Each structure stands twice: as structure tokens, then as C-alpha cells.
Amino acid sequence: MSQYPHAHFILSANSPRQFPPDEGGEVAFAGRSNAGKSSAINALVNRRQFARTSKTPGRTQLLNFFALGEGTRIVDLPGYGFARVTAAIRDHWGQLLGSYFELRRSLLGLFLIVDIRRGLTDFDRQLLALADSRDLPVHVLLTKADKLKRGQASAALLAARRELGARATVQLFSATRREGVDEARAALDACLAGPEAGGAVE
């Protein structure tokens, strides 16, 4: 059973004027293509193919808005860094993401999806800078933790926490083994509650 029984797709946007009404609260999900962003969303919502997964990196090329409940949303941002697209499309994505972070008042936080075997990339750091520009809380999912031995995963977690310091919270995550799903869901709900409710990610 889905943890968010009323969750549903709202729309895909290719420009700011296509965004849904800027009300309520939403959390953006971003990550390098093939980092497991769609799988993470599906695991959190507990619904297969809620956000469509693909073996072709970079399939998400629009901002996809999903309702979780009354007045709460998640936004699946375009994957970056690996997609085989033209320079013009990359520039458009950059402008679209910049506008989204600058203009979207209902944006309450960012979930950054990072393949644990790759670590933080320059693209991830650019997203962190966008979140910093809005003073948004950031929660990092080190995905595909099942691909590493336990000691290696713990070392990667420690390294990420050392690099990020107070800028973001970090956890291990595996959609395949359902590792860290409850922790991530709690962080998502806290973020959607907003700072007024003490909803900053701990």
C-alpha cells in the first residue's frame, strides 16, 4: 500500500509559466542521471512506476510535479551530467532550474540523489549552491548502497558528511533492499511540514 494514497501526477513543465500554482509546499528531487532518482521516489511513495524509471539515463527532461496530499508536492527535476542531449537543451535545463529555484516560493527543500559509488560531483555541488541561495534544507540520499560492502558504504557516508558539514543531512539508501526508506520518508515529511512546524530536516 502506498504511504501516500492520494499521490498522483500533476503535470510536466518545460517553462516557468507551465508550473502549477505556487501554493502549499513542495520538495524537489535532483540528481545525476542514472543515480536512481526515480527508483528513490517510487520507494518513498511505495508505488511501482510512480515516477517512471528507465535504463536510458536522462529520461527525465522536464520538471515533473506530483501531488502527495492536500497542498504538498514533490518535483522530479531533470537528470543531469550524463544525458546525451544537445548543448542547447543543457542550457535550457540550466535556465529552467535557475528560474525554478529563484521563483518558486512553495519550494521548501531539496533531496539530492547521489550514487554512493561516485560521490558528490560538480553538478551536485551546483544544485547545492542553488539551494544555498534560497537557504533551503538539503537531504542527501546515497543511493545503491547495496552495491558496496557495509564497511565501504559506512566510509562513503562518513566522507559525504565530512564534506557537506552543516549544509545537508546525509543517509544511506537502497531502493532495491528498501534500506533507509523510513528514514528518508521521515525527512521528506519533516521538510514538507515547513520551518513553521519545525520541519527542517534533522
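Bear in mind that the values in this text are calculations on the coordinates, not laboratory data. Computed from a predicted model, the values in this text were never measured in an experiment. Every residue, glycine as well, gets a Cβ built from its backbone with ideal geometry; the counts of neighbours run over all protein chains shown.
Counting other beta carbons within 10 Å of each residue's own, what order do L103, L77, L141 fall into, fewest first?
Ranked by crowding around the Cβ, least crowded first: L103, L77, L141.
For T86 and D132, FRET efficiency with R0 = 25 Å and r from the beta-carbon atoms, rounded to 0.05?
0.30
Quick one: if you stick a label point 7 Å off each Cα along the C-beta vector at A193 and L11, how many nm between them?
Distance between label points: 3.1 nm.
How much mean residue ellipticity at 222 nm does the chain get from its helices, if each DSSP H run of length 4 or more adds -39500 (n - 2.57) and you divide by all residues, to the nearest 500 deg cm²/dmol?
-10500 deg cm²/dmol
Would you mind ranking D22, D122, D76, D146 so that the residue whose beta carbon has the fewest other beta carbons within 10 Å leads the list?
With the sparsest Cβ surroundings first, the list reads D122, D22, D146, D76.
Could you grab the relative contact order for the chain? Cα pairs under 8 Å, six or more apart, rounded to a whole percent.
Relative contact order of the chain: 22 percent.
What list do you get for Y4, Y80 if you sort them by fewest beta carbons within 10 Å?
Ascending Cβ contact count within 10 Å gives the list Y4, Y80.
Hey, if you drop one equal point scatterer on each alpha-carbon of the chain and run the Debye formula without solvent, what base-10 log of I(q)/I(0) do you get at q = 0.13, 0.14, 0.15, 0.18 Å⁻¹?
So the normalised log intensities are -0.65, -0.76, -0.89, -1.36.
Return the aspartates and glutamates within reach of K144: Cα separation strictly under 20 angstrom, same-chain partners fewer than 8 residues apart disregarded; answer none if there are no such residues.
Reachable aspartates and glutamates: D76, D115, D122, D124, E163, E179, D182, E183.
Would you work out the charge dipole size for the stretch 18-172 about its Cα centre, treating the Cβ of every Lys and Arg as +1 and the Cβ of every Asp and Glu as -1, and quote it to the nearest 20 debye?
Here the stretch 18-172 has a charge dipole of around 860 debye.
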